[in-house]
Amino acid sequence: MRAALQTLWRGLGAPFRWLGALLGRLTAGPRRFFGEEPGETPLSDTVQKAVAHPRDVLAHLAALRGHVLRSTLVLLVLSVVLFEYAPVLLDWLAAPIGGLQALQAVDVTEPISVVMRVTLLAGFTITLPYLAFELLLFIAPGIPRRARLIGFLSIPLVFALFVAGVAFTYYYLLPPAVNFLLNFMDVPTIVRPSSYVGFATGLMFWVGLSFEFPLVSYTLAAMGLLRARWLGQNWRIAVVVLAVLAAAITPTVDPINMMLVWIPLTLIYFLSVGTAALGQRTRGG
(Lines give C-alpha, C1' and ligand atoms only; values in the text may rest on other atoms or scores of the structure.)
Protein backbone atom coordinates (compact mmCIF):
# COMPACT_ATOMS: atom_id res chain seq x y z
CA MET A 1 0.00 0.00 0.00
CA ARG A 2 2.78 2.38 0.91
CA ALA A 3 4.62 1.64 -2.35
CA ALA A 4 1.44 2.30 -4.34
CA LEU A 5 0.97 5.67 -2.58
CA GLN A 6 4.58 6.61 -3.29
CA THR A 7 4.14 5.68 -6.96
CA LEU A 8 0.94 7.73 -7.14
CA TRP A 9 2.65 10.68 -5.47
CA ARG A 10 5.57 10.53 -7.89
CA GLY A 11 3.14 10.36 -10.81
CA LEU A 12 1.18 13.38 -9.57
CA GLY A 13 4.35 15.35 -8.91
CA ALA A 14 6.04 14.49 -12.21
CA PRO A 15 4.54 17.45 -14.18
CA PHE A 16 5.70 19.88 -11.48
CA ARG A 17 9.20 18.39 -11.48
CA TRP A 18 9.36 18.65 -15.25
CA LEU A 19 8.15 22.25 -15.07
CA GLY A 20 10.75 23.03 -12.40
CA ALA A 21 13.52 21.47 -14.50
CA LEU A 22 12.38 23.45 -17.56
CA LEU A 23 12.33 26.71 -15.60
CA GLY A 24 15.76 25.88 -14.22
CA ARG A 25 17.15 25.46 -17.72
CA LEU A 26 15.51 28.66 -18.93
CA THR A 27 16.88 30.67 -16.03
CA ALA A 28 20.33 29.05 -16.00
CA GLY A 29 21.51 31.24 -18.87
CA PRO A 30 20.42 34.55 -17.29
CA ARG A 31 21.87 33.47 -13.91
CA ARG A 32 25.23 32.75 -15.53
CA PHE A 33 25.07 35.95 -17.56
CA PHE A 34 24.35 38.25 -14.63
CA GLY A 35 25.80 36.19 -11.78
CA GLU A 36 29.14 34.69 -12.75
CA GLU A 37 32.25 36.79 -12.27
CA PRO A 38 35.31 35.99 -14.43
CA GLY A 39 38.64 35.42 -12.81
CA GLU A 40 41.24 38.18 -12.91
CA THR A 41 43.85 36.98 -15.40
CA PRO A 42 46.58 39.28 -16.79
CA LEU A 43 46.61 39.72 -20.55
CA SER A 44 50.12 38.28 -20.84
CA ASP A 45 49.02 35.12 -19.05
CA THR A 46 46.01 34.84 -21.30
CA VAL A 47 48.18 35.09 -24.43
CA GLN A 48 50.63 32.50 -23.10
CA LYS A 49 47.78 30.16 -22.27
CA ALA A 50 46.33 30.58 -25.76
CA VAL A 51 49.71 29.77 -27.33
CA ALA A 52 50.24 26.77 -25.08
CA HIS A 53 46.72 25.42 -25.53
CA PRO A 54 45.49 26.31 -29.03
CA ARG A 55 42.47 24.05 -28.60
CA ASP A 56 41.05 26.58 -26.15
CA VAL A 57 41.22 29.20 -28.90
CA LEU A 58 39.43 26.83 -31.27
CA ALA A 59 36.66 26.45 -28.70
CA HIS A 60 36.23 30.24 -28.63
CA LEU A 61 36.23 30.35 -32.43
CA ALA A 62 33.56 27.65 -32.49
CA ALA A 63 31.45 29.72 -30.08
CA LEU A 64 32.00 32.79 -32.27
CA ARG A 65 30.87 30.82 -35.31
CA GLY A 66 27.59 30.02 -33.57
CA HIS A 67 26.96 33.68 -32.77
CA VAL A 68 27.83 34.74 -36.31
CA LEU A 69 25.61 32.07 -37.86
CA ARG A 70 22.61 33.00 -35.71
CA SER A 71 23.12 36.70 -36.41
CA THR A 72 23.45 36.11 -40.15
CA LEU A 73 20.38 33.88 -40.22
CA VAL A 74 18.24 36.44 -38.40
CA LEU A 75 19.50 39.22 -40.69
CA LEU A 76 18.78 37.24 -43.85
CA VAL A 77 15.32 36.12 -42.73
CA LEU A 78 14.28 39.64 -41.81
CA SER A 79 15.73 41.02 -45.05
CA VAL A 80 13.63 38.51 -47.01
CA VAL A 81 10.53 39.58 -45.07
CA LEU A 82 11.30 43.22 -45.87
CA PHE A 83 11.16 42.44 -49.61
CA GLU A 84 7.41 42.93 -49.21
CA TYR A 85 8.04 46.53 -48.20
CA ALA A 86 10.75 47.25 -50.76
CA PRO A 87 8.60 49.71 -52.81
CA VAL A 88 7.89 51.78 -49.69
CA LEU A 89 11.56 51.77 -48.68
CA LEU A 90 12.69 52.75 -52.18
CA ASP A 91 10.14 55.58 -52.37
CA TRP A 92 11.41 56.91 -49.06
CA LEU A 93 15.06 56.60 -50.02
CA ALA A 94 14.59 58.20 -53.45
CA ALA A 95 12.68 61.23 -52.13
CA PRO A 96 15.81 63.48 -51.87
CA ILE A 97 16.50 62.96 -55.56
CA GLY A 98 12.93 63.49 -56.72
CA GLY A 99 11.41 60.03 -56.35
CA LEU A 100 11.81 56.79 -58.25
CA GLN A 101 10.81 58.48 -61.51
CA ALA A 102 14.12 60.36 -61.40
CA LEU A 103 16.07 57.09 -61.57
CA GLN A 104 16.69 55.13 -64.76
CA ALA A 105 18.02 51.57 -64.75
CA VAL A 106 20.46 50.42 -67.42
CA ASP A 107 21.28 46.82 -66.51
CA VAL A 108 18.65 44.10 -66.39
CA THR A 109 19.72 43.01 -62.91
CA GLU A 110 19.99 46.54 -61.54
CA PRO A 111 16.52 46.77 -59.92
CA ILE A 112 16.92 43.52 -57.98
CA SER A 113 20.40 44.50 -56.75
CA VAL A 114 19.04 47.85 -55.58
CA VAL A 115 16.18 46.17 -53.72
CA MET A 116 18.59 43.76 -52.05
CA ARG A 117 20.85 46.60 -50.89
CA VAL A 118 17.94 48.57 -49.45
CA THR A 119 16.37 45.61 -47.68
CA LEU A 120 19.74 44.57 -46.24
CA LEU A 121 20.26 48.03 -44.75
CA ALA A 122 16.74 48.04 -43.34
CA GLY A 123 17.19 44.51 -42.02
CA PHE A 124 20.51 45.43 -40.42
CA THR A 125 18.93 48.44 -38.72
CA ILE A 126 16.04 46.45 -37.28
CA THR A 127 18.17 43.48 -36.18
CA LEU A 128 20.94 45.67 -34.71
CA PRO A 129 19.74 45.15 -31.10
CA TYR A 130 19.86 41.39 -31.60
CA LEU A 131 23.28 41.59 -33.25
CA ALA A 132 24.56 43.65 -30.32
CA PHE A 133 23.11 41.08 -27.90
CA GLU A 134 24.88 38.22 -29.70
CA LEU A 135 28.16 40.14 -29.51
CA LEU A 136 27.58 40.73 -25.81
CA LEU A 137 26.89 37.04 -25.25
CA PHE A 138 30.18 36.16 -26.92
CA ILE A 139 32.33 38.51 -24.83
CA ALA A 140 30.31 38.07 -21.61
CA PRO A 141 32.46 35.26 -20.12
CA GLY A 142 35.52 37.51 -20.20
CA ILE A 143 34.10 40.74 -18.78
CA PRO A 144 32.94 41.62 -15.25
CA ARG A 145 29.31 41.24 -14.22
CA ARG A 146 28.90 45.01 -13.96
CA ALA A 147 30.14 45.46 -17.53
CA ARG A 148 27.66 42.83 -18.75
CA LEU A 149 24.81 44.70 -17.10
CA ILE A 150 25.96 47.99 -18.61
CA GLY A 151 26.22 46.36 -22.04
CA PHE A 152 22.78 44.79 -21.72
CA LEU A 153 21.15 48.07 -20.72
CA SER A 154 22.96 49.86 -23.57
CA ILE A 155 21.45 47.70 -26.32
CA PRO A 156 18.41 50.00 -26.88
CA LEU A 157 20.82 52.93 -27.20
CA VAL A 158 22.75 51.03 -29.90
CA PHE A 159 19.59 50.96 -32.00
CA ALA A 160 18.60 54.56 -31.20
CA LEU A 161 22.03 55.98 -32.06
CA PHE A 162 22.25 54.11 -35.36
CA VAL A 163 18.78 55.29 -36.35
CA ALA A 164 19.80 58.83 -35.40
CA GLY A 165 22.81 58.57 -37.70
CA VAL A 166 20.66 57.27 -40.55
CA ALA A 167 18.11 60.05 -40.04
CA PHE A 168 20.86 62.67 -39.90
CA THR A 169 22.26 61.39 -43.20
CA TYR A 170 18.86 61.30 -44.87
CA TYR A 171 17.65 64.74 -43.81
CA TYR A 172 20.89 66.77 -43.63
CA LEU A 173 23.56 65.12 -45.78
CA LEU A 174 21.79 63.62 -48.78
CA PRO A 175 19.84 66.71 -49.99
CA PRO A 176 22.90 68.99 -50.41
CA ALA A 177 24.97 66.13 -51.81
CA VAL A 178 22.31 65.29 -54.40
CA ASN A 179 21.87 68.97 -55.27
CA PHE A 180 25.61 69.33 -55.87
CA LEU A 181 25.81 66.18 -58.01
CA LEU A 182 22.87 67.03 -60.22
CA ASN A 183 23.82 70.68 -60.80
CA PHE A 184 27.59 70.42 -61.13
CA MET A 185 28.70 72.35 -64.23
CA ASP A 186 25.06 72.22 -65.44
CA VAL A 187 25.77 68.89 -67.07
CA PRO A 188 22.55 66.86 -67.65
CA THR A 189 22.69 63.75 -65.49
CA ILE A 190 20.80 60.48 -65.82
CA VAL A 191 20.87 58.93 -62.36
CA ARG A 192 21.10 55.15 -62.17
CA PRO A 193 19.39 53.42 -59.23
CA SER A 194 22.52 51.45 -58.37
CA SER A 195 24.63 54.62 -58.26
CA TYR A 196 22.27 56.63 -56.08
CA VAL A 197 21.19 53.82 -53.77
CA GLY A 198 24.80 52.66 -53.46
CA PHE A 199 26.21 55.88 -52.08
CA ALA A 200 23.03 56.73 -50.12
CA THR A 201 22.96 53.42 -48.24
CA GLY A 202 26.74 53.47 -47.80
CA LEU A 203 26.62 56.96 -46.34
CA MET A 204 23.77 56.00 -44.02
CA PHE A 205 25.56 52.88 -42.83
CA TRP A 206 28.91 54.51 -42.00
CA VAL A 207 27.48 57.64 -40.44
CA GLY A 208 25.09 55.47 -38.43
CA LEU A 209 28.04 53.45 -37.14
CA SER A 210 29.95 56.63 -36.26
CA PHE A 211 27.03 57.71 -34.06
CA GLU A 212 27.74 54.63 -31.93
CA PHE A 213 31.15 55.92 -30.84
CA PRO A 214 29.97 57.82 -27.72
CA LEU A 215 28.28 54.68 -26.45
CA VAL A 216 31.32 52.54 -27.30
CA SER A 217 33.65 54.94 -25.48
CA TYR A 218 31.39 54.96 -22.43
CA THR A 219 31.22 51.16 -22.35
CA LEU A 220 34.97 50.70 -22.80
CA ALA A 221 35.70 53.30 -20.12
CA ALA A 222 33.24 51.65 -17.74
CA MET A 223 35.08 48.36 -18.35
CA GLY A 224 38.43 50.01 -17.67
CA LEU A 225 39.71 49.55 -21.23
CA LEU A 226 39.71 53.24 -22.23
CA ARG A 227 40.46 56.52 -20.50
CA ALA A 228 38.95 59.90 -21.36
CA ARG A 229 42.30 61.58 -20.81
CA TRP A 230 43.83 59.56 -23.64
CA LEU A 231 41.05 60.61 -26.01
CA GLY A 232 41.43 64.23 -24.97
CA GLN A 233 45.21 64.26 -25.42
CA ASN A 234 44.97 62.82 -28.95
CA TRP A 235 42.21 65.08 -30.25
CA ARG A 236 44.45 66.65 -32.92
CA ILE A 237 45.24 63.26 -34.44
CA ALA A 238 41.57 62.32 -34.22
CA VAL A 239 40.50 65.47 -36.07
CA VAL A 240 42.87 64.68 -38.95
CA VAL A 241 41.77 61.04 -39.07
CA LEU A 242 38.12 62.09 -39.05
CA ALA A 243 38.76 64.52 -41.92
CA VAL A 244 40.25 61.69 -43.99
CA LEU A 245 37.33 59.45 -43.02
CA ALA A 246 34.81 62.14 -43.97
CA ALA A 247 36.49 62.54 -47.37
CA ALA A 248 36.27 58.77 -47.90
CA ILE A 249 32.63 58.57 -46.81
CA THR A 250 31.37 61.63 -48.70
CA PRO A 251 30.01 60.67 -52.13
CA THR A 252 31.13 63.98 -53.67
CA VAL A 253 34.55 65.62 -53.99
CA ASP A 254 33.58 69.14 -52.94
CA PRO A 255 34.69 70.43 -49.53
CA ILE A 256 31.19 71.62 -48.60
CA ASN A 257 29.71 68.14 -48.41
CA MET A 258 32.88 66.83 -46.77
CA MET A 259 32.48 69.47 -44.05
CA LEU A 260 28.86 68.38 -43.56
CA VAL A 261 30.20 64.94 -42.60
CA TRP A 262 33.40 66.03 -40.84
CA ILE A 263 31.83 68.53 -38.43
CA PRO A 264 29.30 66.02 -36.95
CA LEU A 265 32.01 63.36 -36.68
CA THR A 266 34.27 65.79 -34.83
CA LEU A 267 31.47 66.79 -32.46
CA ILE A 268 30.75 63.11 -31.86
CA TYR A 269 34.40 62.55 -30.99
CA PHE A 270 34.42 65.29 -28.36
CA LEU A 271 31.11 63.99 -27.05
CA SER A 272 32.81 60.61 -26.76
CA VAL A 273 35.48 62.16 -24.54
CA GLY A 274 32.70 63.25 -22.19
CA THR A 275 30.96 59.87 -22.26
CA ALA A 276 34.29 58.15 -21.57
CA ALA A 277 34.77 60.39 -18.53
CA LEU A 278 31.27 59.49 -17.40
CA GLY A 279 32.09 55.82 -17.88
CA GLN A 280 35.21 56.19 -15.71
CA ARG A 281 33.15 57.86 -13.02
CA THR A 282 30.64 55.03 -13.18
CA ARG A 283 33.49 52.57 -12.70
CA GLY A 284 34.94 54.69 -9.93
CA GLY A 285 38.28 55.22 -11.68
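The values are calculated or read from the model by the stated rules, or taken from the named source; none is laboratory data. Nothing here was measured: the structure is a model prediction, and the numbers come from that model. Glycine gets a Cβ as well: all are built from the backbone with ideal geometry, and neighbour counts include every protein chain shown.
I'm checking my understanding of the structure. Among residues of the range 144-196 that are part of a helix (DSSP H, G or I) and β-branched (Val, Ile, Thr), which one is surrounded by the fewest Cβ atoms within 10 Å (Cβ to Cβ)? It would help to see each step written out before you state the result.
Filtering the range 144-196 down to residues part of a helix (DSSP H, G or I) leaves 145-186, 193-196.
From the residues that got through so far, the ones that are β-branched (Val, Ile, Thr) too are 150, 155, 158, 163, 166, 169, 178.
Details: Ile150: 19, Ile155: 18, Val158: 22, Val163: 15, Val166: 20, Thr169: 25, Val178: 21.
Step by step, filter the range 144-196, then rank; the result is Val163.
Those residues that are in a loop (DSSP other than H, G, I, E, B) and surrounded by fewer than 16 Cβ atoms within 10 Å (Cβ to Cβ), I need them from the range 106-143; list them, please. Show your work before the answer.
First, the residues of the range 106-143 that are in a loop (DSSP other than H, G, I, E, B): 106-109, 143.
Val106, Asp107, Val108, Thr109 - these are the residues of the range 106-143 that are in a loop (DSSP other than H, G, I, E, B) and surrounded by fewer than 16 Cβ atoms within 10 Å (Cβ to Cβ).
Restricting the first member to the range 143-170 and to residues that are within 19 Å of Ala200 (Cβ to Cβ), and the second to residues that are aromatic (Phe, Trp, Tyr) and outside any helix (DSSP H, G or I), the beta-carbon pairs closer than 8 Å and six or more apart or on different chains are Phe162/Phe211; Ala164/Phe211; Gly165/Phe211; Phe168/Phe211.
Counting residues in the range 242-249 that are among the β-branched types (Val, Ile, Thr), in contact with a helix residue (DSSP H, G or I) (Cβ under 9 Å, 6 or more places away or on another chain) and under 26 Å from Leu136 (Cα atoms) gives zero. Checking each residue in the range 213-240 for being surrounded by 21 or more Cβ atoms within 10 Å (Cβ to Cβ) and either of a type in the set (Lys, Arg) or within 21 Å of Tyr172 (Cα to Cα) (or both) picks out only Pro214. The criterion of at least 2 residues that are of a type in the set (Ser, Thr, Tyr) is met by the following helices (runs of 4 or more DSSP H) wholly inside the range 206-285: 213-222, 255-283.
With Leu128, Leu182, Leu173 as the choices, which residue is of a type outside the set (S, T, N, Q), under 30 Å from Thr266 (Cβ atoms) and free of Cβ contacts under 8 Å to residues at least 60 places away in the same chain?
Details: Leu182 fails: free of Cβ contacts under 8 Å to residues at least 60 places away in the same chain; Leu173 fails: free of Cβ contacts under 8 Å to residues at least 60 places away in the same chain.
Every option except Leu128 fails the conditions.
Look at the range 105-119 and say how many of its residues are closer than 22 Å to Met204 by Cβ and in contact (Cβ under 8 Å) with a residue 60 or more places away in the chain.
Going residue by residue through the range 105-119, those that are closer than 22 Å to Met204 by Cβ are 105, 110-119.
Applying the additional criterion that residues be in contact (Cβ under 8 Å) with a residue 60 or more places away in the chain yields 105, 110-111, 113-114, 117-118.
So the answer is 7.
The number of residues in the range 84-102 that are hydrophobic (A, V, I, L, M, F, W, C) and at pLDDT below 90 comes to 3. Going through the range 77-105 one residue at a time, which ones are among the aliphatic types (A, V, I, L, M), surrounded by 14 or more Cβ atoms within 10 Å (Cβ to Cβ) and closer than 25 Å to Phe138 by Cβ? Across the range 77-105, the qualifying residue is only Leu78.
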